[in-house]
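Written below as structure tokens is the structure these notes are about.
Laboratory data are not the source of any read-out in this text; all were calculated from the coordinates shown. The structure presented is a predicted model; accordingly, all values stated were derived computationally and were not measured. FYI the Cβ positions are ideal-geometry reconstructions off the backbone, even for glycines, and counts take in every protein chain you see.
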Amino acid sequence: MEMIEVNTAELVGPALDWAVAKADDLPVQYSKRLGVHLAKLIVISGDPNFLPMGARYAPSRLWSQGGPLIEKYQMELDFQHEGLVFAYPCDDDGNDNAGENGSFGPTHLIAACRSIVSAKLGDTVQVPAELTR
């Protein structure tokens, strides 16, 4: 599988979901088996406490998956204006780390996911090339 380097601030869709899974140390696989429309499916394999084998992982789009990550990483979300949200992790005392790992996004989930990836993996990440198309 060909990997490419992408700026964390530009990650969206399946590429962002892949990076979040990697940042959260989840076992991920890339699957094209469901046809062209779902060719960019991310699946989690073998973690019965998280998702069943073969389930779609999309925390940047599904609140049922992204919401728990916001809580886990103690994310602060700041609505800037329509279409722009700023997210950053806080420590156990509620102190922010916005300067180092804050990220913008068009939605709360995308901003939070980008911030998680930034905090754990840095400003650039390696993702499967096909996930960026």
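Could you check the spin-label model distance between Glu130 and Gln29? Points 7 Å from the Cα along Cα→Cβ, value in nm.
Result: 1.3 nm between the two label points.
Using 1/(1 + (r/R0)^6) with R0 = 25 angstrom and r between the beta carbons of Leu84 and Met1, what's the FRET efficiency to the nearest 0.05?
Computed FRET efficiency for Leu84 and Met1: 0.15.
Per-residue HN-Hα couplings for segment 101-114, Karplus 6.51 cos²θ - 1.76 cosθ + 1.60 at θ = phi - 60°, whole Hz, x for Gly and Pro?
The phi angles translate into 10, x, 9, 9, x, x, 9, 4, 5, 5, 4, 5, 5, 4 Hz.
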